[in-house]
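Visitor: Mind looking over this structure? Questions follow.
Just so it is clear, none of the values below were taken in a lab; they were calculated from the coordinates. Computed from a predicted structure; not experimentally measured. All Cβ positions, even for glycine, are placed from backbone atoms using ideal geometry, and neighbour counts span all protein chains on display.
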Amino acid sequence: MEPNKVAIVIRDAENQWEGLRSGLGLGLEMVEADLFVIGEVNMPEDRVEGYKENLEFLKDELECQHFTDTQANVDKWGFFEYVSLDDMAKKLCEYDVIVPF
């Protein structure tokens, strides 16, 4: 059985880029994958533009949702929807697979 919905939960700042890229890969394989980012996203300067482009592609082309518990991510990146940790935990019940990063 293939998963219909995958949640990618990124809480380790070291893995933010890898989690985003995993979401892209799943989306391109026509698997619905949404991102849940816990904590503030701090991309190295040489990856900021690529991160923004990938977030935009995920949101606009692959219809991936981006959730975060940090308002700074909403303000800085513009593609995230703020959700409290409690609400994130409730949302995760909707997914077939949860991939932690």
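Visitor: Name the residues in segment 16-50 that are within 11 Å of the chain's Cα centre (by Cα) and over 20 Å from Leu62 (Cβ atoms), would you? Please lay out each step first, then the result.
Guide: If we filter segment 16-50 for residues that are within 11 Å of the chain's Cα centre (by Cα), which is where we start, we get 16-24, 33-38, 41.
Passing the criteria: only Ile38.
Visitor: Can you tell me which residue within segment 58-101, out of those that are part of a helix (DSSP H, G or I) and in contact with a helix residue (DSSP H, G or I) (Cβ under 7 Å, 6 or more places away or on another chain), is farthest from Ser22 (Cα to Cα)? Reasoning before the result, please.
Guide: To start, the set of residues in segment 58-101 that are part of a helix (DSSP H, G or I) comprises 58-60, 71-77, 85-94.
Okay, now just the ones that are also in contact with a helix residue (DSSP H, G or I) (Cβ under 7 Å, 6 or more places away or on another chain), so 58, 77.
On the way: Leu58: 11, Trp77: 19 Å.
Once the filter is applied, the top-ranked residue is Trp77.
Visitor: Starting from segment 83-96, keep only residues that are surrounded by 14 or more Cβ atoms within 10 Å (Cβ to Cβ), then list their pairs with residues that are assigned to a helix (DSSP H, G or I) whose Cβ atoms are within a distance under 9 Å, requiring at least 6 positions of separation or different chains.
Guide: Short answer, once both residue conditions are applied: Val83/Lys91.
Visitor: Something else about it: Looking for whichever is over 12 Å from Phe67 (Cα atoms) and touching a Lys or Arg at 6+ places or on another chain (Cβ under 7 Å) here; the options are Glu14, Glu18, Glu32. Which one fits?
Guide: On inspection, the qualifying residue turns out to be Glu32.
Visitor: A follow-up question, please. Quick check on Asp87: is it within 12 Å of the chain's Cα centre (by Cα) and among the charged types (D, E, K, R)?
Guide: Numbers: within 12 Å of the chain's Cα centre (by Cα): no; among the charged types (D, E, K, R): yes.
No.
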